[in-house]
2 protein chains.
Amino acid sequence: MLIVQKYGGTSVGDLERIRAVAGRVIESVKAGNELVVVVSAMSGVTNSLIEQAEYFSKNPNGADMDMLLSSGERVTSALLSIALNELGYKAVSFSGRKAGIITNSVFTKARIKHIDTSAIKAALKEGKIVIIAGFQGVDEEGNVTTLGRGGSDLSAVAVAGALNADLCEIYTDVDGVYTTDPRIEPRAKKLDKISYEEMLELASLGAKVLQNRSVELAKKLNVNLVTRSSFNNNEGTMITKENGMEQALVSGIALDRNQARITLRNIEDKPGIAAEIFSSLAGANINVDMIIQNVGTNGATNLGFTVPENELNQAKNTMKDILGDQVLLESDSAVVKVSVVGVGMKSHSGVASTAFKALANEGINIEMISTSEIKISMIVHEKYGELAVRALHEVYGLDK
Amino acid sequence: MLIVQKYGGTSVGDLERIRAVAGRVIESVKAGNELVVVVSAMSGVTNSLIEQAEYFSKNPNGADMDMLLSSGERVTSALLSIALNELGYKAVSFSGRKAGIITNSVFTKARIKHIDTSAIKAALKEGKIVIIAGFQGVDEEGNVTTLGRGGSDLSAVAVAGALNADLCEIYTDVDGVYTTDPRIEPRAKKLDKISYEEMLELASLGAKVLQNRSVELAKKLNVNLVTRSSFNNNEGTMITKENGMEQALVSGIALDRNQARITLRNIEDKPGIAAEIFSSLAGANINVDMIIQNVGTNGATNLGFTVPENELNQAKNTMKDILGDQVLLESDSAVVKVSVVGVGMKSHSGVASTAFKALANEGINIEMISTSEIKISMIVHEKYGELAVRALHEVYGLDK
């Protein structure tokens with residue numbers, strides 16, 4: 001098999017860890033696989049570089065930042081290659097540029113345009129293990145770029161897609177994707193498989209595992225993703241297409257604490273008012289999550305939505321000028337979002353009512369509800385967040 | 001003027017120093033100059049990277065080492081550019097590749113083949129200060145390479161040559177080139193000007209200032225070099241062509257402590273014997289310095305030469321098999337080399353005899369003598385080294 005492995009910051013946290021990663025790479029090679037390995041910067045390195053930049057400027061320009069930040073991954077890739085060569089395995093370290101990763105020119109959050117795999121393929125043909133510095137590429141003018149948060153995962157997925165690899169393994173310090181956060185519900189179980197769509201919906205649960213951008217890219221490029229731990233030999237969680245999988249009714253329960261609710265009452269019920277509000281929020285780069293609007297009465301309507309808790313004040317200020325005097329604005333940051341996710345619910349009725357009943361049985365009031373094809377999200381008071389997660393985890397039998 | 005400035009490791013030793021360098025760069029820009037700045041890694045960084053590599057391998061492969069080591073200079077260049085942009089001066093940081101520095105593929109000690117200055121020129125045209133990560137380039141296949149010891153100086157000189165710059169300023173932590181080591185002779189004076197040839201001969205004195213490789217390249221490319229301190233505003237020493245300079249009889253006195261003397265007595269006086277000995281030493285990578293052979297008598301001759309002190313044992317072992325039984329090998333590592341350097345001595349007689357008299361007056365025995373057009377070197381017992389330097393410094397009036 002041709003496998004792309006990606007090791008994150010804690011997996012290559014120090015020299016000893018890099019040696020352990022070398023051992024793991026070798027095991028996979030011994031098992032007969034061809035290996036391409038994407039590495040992050042050693043943990044702490046990127047933050048330390050950012051601090052150095054901030055010594056000079058609170059708002060350093062992107063091109064310089066990318067030149068600066070890209071150095072951390074280069075160091076890791078060189079060290080891992082040195083370790084492998086010393087152990088008798090031919091390896092070569094590539095920068096993002098040498099790996100053929102071409103991006104647009106949006107510094108510090110560039111998007112990959114295409115990958116010229118010729119150098120990677122040539123090295124694989126020579127029997128070499130290819131080690132790629134993650135998180136980085138070059139634009140078409142040859143300037144170094146970086147891919148933003150979770151960028152090394154993106155590098156790995158994009159390379160796996162371009163090489164048509166059999167598997168893309170993302171190594172972190174957690175074992176995989178769980179039915180819910182094990183710190184909230186100790187009976188949470190690791191999932192063997194999950195669809196791209198469910199993984200995307202579980203983002204808030206899986207944020208520490210995989211960024212949505214990487215899952216989206218994997219889905220688009222049809223890359224079989226496995227997320228697993230580099231600290232043990234446990235099997236991880238395979239994230240793949242829905243087809244051919246046994247479709248669980250519900251795969252997991254997610255809790256997102258970073259939510260604040262805004263309700264606008266007595267809005268004039270005319271076309272374009274919602275568009276005006278949300279485009280002003282978008283213009284201020286505020287991420288609106290759930291949006292609920294009911295049919296209005298007497299020419300007025302109510303509009304509810306959630307924003308990240310730390311963006312609440314900014315959201316209120318942004319809307320100040322466009323809301324008429326008659327509009328009442330209420331907000332509440334003491335709320336959390338609990339979500340039930342599962343591909344199976346597409347073809348089953350009753351999943352939502354089961355959730356509502358479970359929360360009612362615990363005396364939990366649901367403030368807002370929003371549903372998609374594979375997700376039911378509910379806003380509840382923050383004091384009920386963990387209780388809601390445990391109740392839902394149990395009612396769908398996820399601990400079995 | 002178009003000026004290339006180069007700042008070494010101590011000049012960019014920490015963030016505060018980098019800010020000071022930014023200030024110096026801005027002064028030069030304010031004076032109306034176009035600036036290209038080549039930077040080294042912050043002091044300690046390269047050694048720390050080497051230590052990390054050595055954790056994995058005592059003999060890491062060159063390609064990985066170059067990927068590893070090149071990161072230090074990239075960090076400095078990005079930080080300096082961030083500092084300049086913050087202070088309101090447009091700057092851009094370039095890797096060696098982006099600066100167009102193309103080398104051969106001899107990793108860890110690559111040689112520059114040519115420089116494509118188009119990106120540098122384009123940035124200068126936009127009114128930008130160009131900051132280049134020194135010490136590095138790429139080979140024709142796009143692999144990162146480094147230039148070996150003193151590599152950042154080389155980058156600066158090569159870029160200055162390719163741009164036809166008016167001046168190449170090499171900033172270090174010393175004020176320039178002195179008539180001799182001020183720690184030996186406190187009356188040593190800083191030279192305002194010195195020729196390339198003299199600088200090359202003074203290498204052992206100037207090793208901490210400039211590597212010979214850079215001076216040779218400056219001579220070849222006709223680059224006006226200035227070496228000065230980044231810690232004060234003193235004028236430095238200009239290293240340039242001989243022409244048009246007031247030619248001092250003697251420019252400086254150098255002391256090289258890393259010398260051992262070997263004398264081979266009773267060698268068969270036939271063609272090819274010296275060639276055999278020195279090619280065996282060259283094969284063992286031993287750097288032979290002075291070589292002295294007198295006309296032989298009775299079909300036998302004596303051969304004297306010096307090698308670096310730490311290579312003496314290896315040199316003796318190398319020669320063991322090729323010297324006949326009748327040859328007597330004597331060696332002495334308690335010697336130093338004192339050299340008198342000056343372009344003026346080309347056209348003056350008596351310079352050598354003045355030296356010999358000065359040492360004789362101090363009761364110093366000269367064990368070996370070797371002369372070139374602009375240098376007289378003498379091997380003396382190591383206990384007389386400093387005394388010899390002071391005596392020669394005085395007899396040629398260098399303190400005046």
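The values are calculated or read from the model by the stated rules, or taken from the named source; none is laboratory data. Just so it is clear, the structure is predicted and the values come from calculations on it, not from any experiment. For neighbour counting, all protein chains shown are included, and Cβ atoms are generated from backbone atoms with ideal geometry for every residue, glycine included. These accessible areas exclude ligands, DNA and RNA; they are computed on the full protein's heavy atoms, side chains included. Shrake-Rupley method; radii C 1.70, N 1.55, O 1.52, S 1.80 Å.
Observations, loosely collected:
- Listed residue pairs exceeding 22 Å between alpha carbons, taken from A:98/A:193; A:30/A:189; B:6/B:190: A:98/A:193; A:30/A:189
- Exercise: per-residue mean of other protein chain Cβ atoms within 10 Å, B:141-148: 3
- When the square roots of the Cα gyration tensor eigenvalues are ordered a ≥ b ≥ c, the ratio a/c for region B:2-173 is 1.5 or more and a/b does not exceed b/c, which makes its shape oblate.
- Extension gain, residue B:333-residue B:394: 0.36 nm per intervening residue step, less the Cα-Cα distance, totals 19.2 nm.
- Element breakdown for the protein assembly as shown at a 1.4 angstrom probe: carbon and sulfur atoms account for 46% of the accessible area.
- Cα-centred dipole magnitude for region B:33-174, charges only on beta-carbon of K, R (+1) and D, E (-1), debye, nearest 20: 200 debye
- Protection proxy ranking for B:25-36, B:221-232, B:156-167, using the average of other Cβ atoms within 10 Å per residue and placing the highest first: B:156-167, B:221-232, B:25-36.
- Cα centre as origin, Lys/Arg/Asp/Glu Cβ charges: chain A dipole, Debye: 820 debye
- Relative contact order, whole percent, for region A:142-245 stands at 36, derived from Cα pairs under 8 Å and 6 or more residues apart.
- Positive minus negative residues near residue A:315 (Lys, Arg vs Asp, Glu; Cβ under 15 Å): -4
- Cβ crowding within 10 Å averaged over residues, with B:81-87, A:58-64 ranked highest first: B:81-87, A:58-64
- In the protein assembly as shown, a dipole from Cβ-located charges (positive for Lys and Arg, negative for Asp and Glu) runs towards its positive end, and of B:312, B:158, B:355 it is B:158 whose Cα lies farthest in that direction.
- The mean number of partner chain beta-carbon atoms within 10 angstrom of a residue's beta-carbon across peptide A:90-97 is 5.
- Net charge over other residues, Cβ less than 14 angstrom from the Cβ of residue A:7 (K, R count +1; D, E count -1): -2
- Overall form of the protein assembly as shown per C-alpha gyration tensor (a/c, 1.5; a/b vs b/c): prolate
- Placing unit charges on the Cβ atoms of the charged side chains and taking the dipole of region B:116-189 about its Cα centre, the candidate lying farthest along the positive direction among B:135, B:184, B:167 is B:184.
- Leading residue at positive end of dipole, the protein assembly as shown (Cβ point charges), from A:398, A:63, B:12: A:63
- Chains A and B together, accessible area buried on both sides, 1.4 angstrom probe, square angstrom: 3400 Å²
- Shielding score for B:68-81, defined as the mean number of other chain Cβ atoms within 10 Å: 6
- Overall, the protein assembly as shown carries a charge dipole of about 500 debye about its Cα centre when +1 sits on the Cβ of Lys and Arg and -1 on the Cβ of Asp and Glu, all other atoms neutral.
- Relative contact order of region A:55-188: 23 percent, from C-alpha pairs under 8 Å at least 6 residues apart in sequence.
- Sparse-neighbourhood loop sites, GluC sites (Glu not before Pro) in region A:332-400 - DSSP loop, at most 16 other Cβ within 10 angstrom: A:362, A:373
- Global form of region B:252-395, assessed from the alpha-carbon gyration tensor, a/c cut-off 1.5: prolate
- For region A:2-173, the per residue solvent-accessible surface stands at 35 Å², with DNA, RNA and ligands left out and a 1.4 Å probe.
- Cα centroid separation - region A:326-400 against region B:317-357, whole Å: 91 Å
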